[in-house]
Every structure is written in C-alpha cells, then in structure tokens.
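Undergrad: So that we are looking at the same thing, I have put the structure below in structure tokens.
The values are calculated or read from the model by the stated rules, or taken from the named source; none is laboratory data. Keep in mind it's a predicted model, so treat the numbers as computed, not measured. Counting neighbours? That spans all protein chains shown, and the Cβs are built from the backbone with ideal geometry, glycine included. Only protein heavy atoms, including side chains, enter the accessible area calculation; ligands, DNA and RNA are left aside. Shrake-Rupley method; radii C 1.70, N 1.55, O 1.52, S 1.80 Å.
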Amino acid sequence: TEYDFALSTIDGENIRLSDFKGKVVAVNFWAPWCGPCRSETPGFVNIYKKYKEKGLVIIGVAAQTNEADVKNFIAKYQVPYYIGISDKAAEQYRIIGLPTTYLFNRDGSMATHFIGYTPETRFESTLKTVFEKN
C-alpha cells in the first residue's frame, strides 16, 4: 500500500509495516528535540505494555535527528517498542509537524491518524474502538 515502508531499527532489525498484518499498528513520527513528542512518549509506553498481548505493535519513526540523540531518548523514556530513524518514511507520509501518529487496522488499512500531541486517554479510547472493530 501507499503506507508500507521499510525501516532499520536502532537494534539493527529490518522491519516493514506490511510484516505486521493481523496486528493493530501505530506508527508514531517523532523527534528527540520535539517537546510534544517527549510529553506523549510515556503514554505510548504505557499503552504498548497494556495492549501488546492483544496484538498492538508500535513503530516509532524518528525524523530530522541522529542515532545518538535517539538512543539517549530511548534510554531515558525506557521505550520498549520498535524505533528507527527515517526521513524518507516521514516524506512518504507527507508529515508536516511532529508528532504525528497513524493507526492501522489488522488488515493493514488506515483506521485514523492524529496530528500533534496525543494524550494517552485519547489514544487509548481510539485504540479500544479499533480493537473492537477488528
């Protein structure tokens, strides 16, 4: 699909969005220097821990940054989900501002997207709806 992209994670794993068909996937575009991104990350970490057994995958795509800053961010916020750096993916999604988060259904279609800071409660209530439909 137009949303499929490949990414090498900070851990050196090569993943594609299409690898996760059958799961609910959130793709979060962010950057370590972005204040709202720092604010929303703890919420994403909580939600991931709560929903990963139900089939949630989160892919964090860092843009306009470097590996050292990303690694520091992951360590500071104890981020347990996939993180990689890709300006190419951000261009493909025509990301205008960070953070921006896309949520995909189990069949790979886009459920919704959030532009800007997304509070944990708002993200979770949308996620629950997506899990109910899927």
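Undergrad: Does any residue in region 119-132 that is of a type outside the set (D, E, K, R) come within less than 7 Å, Cβ to Cβ, of a residue that is part of a helix (DSSP H, G or I) and modelled with pLDDT of 95 or more six or more places away or on a different chain, and which pairs are these?
TA: Going by the 7 Å Cβ cut-off, the qualifying pairs are Pro119/Gly43; Phe123/Gly43; Phe123/Ile47; Leu127/Ile47; Leu127/Tyr51; Phe131/Lys54.
Undergrad: Could you look through region 18-40, keep only residues that are assigned to a helix (DSSP H, G or I) and under 25 Å from Glu120 (Cβ atoms), and pick out the one that is most open to solvent (accessible area, probe 1.4 Å)?
TA: The residue in question is Arg38.
Undergrad: Could you run through region 78-119 and say how many residues are assigned to a loop (DSSP other than H, G, I, E, B) and either touching a Leu at 6+ places or on another chain (Cβ under 9 Å) or surrounded by 17 or more Cβ atoms within 10 Å (Cβ to Cβ) (or both)?
TA: Residues in region 78-119 being assigned to a loop (DSSP other than H, G, I, E, B) and either touching a Leu at 6+ places or on another chain (Cβ under 9 Å) or surrounded by 17 or more Cβ atoms within 10 Å (Cβ to Cβ) (or both): 13 in total.
Undergrad: Are any residues in region 47-77 β-branched (Val, Ile, Thr) and either modelled with pLDDT under 95 or in a strand (DSSP E or B) (or both), and if so, which ones?
TA: Listed by number, the residues that qualify are Val57, Ile58, Ile59, Val61.
Undergrad: Consider region 8-17. How many of its residues are surrounded by 14 or more Cβ atoms within 10 Å (Cβ to Cβ) and either under 24 Å from Phe131 (Cβ atoms) or of a type in the set (S, T, N, Q) (or both)?
TA: Total meeting the criteria: 3.
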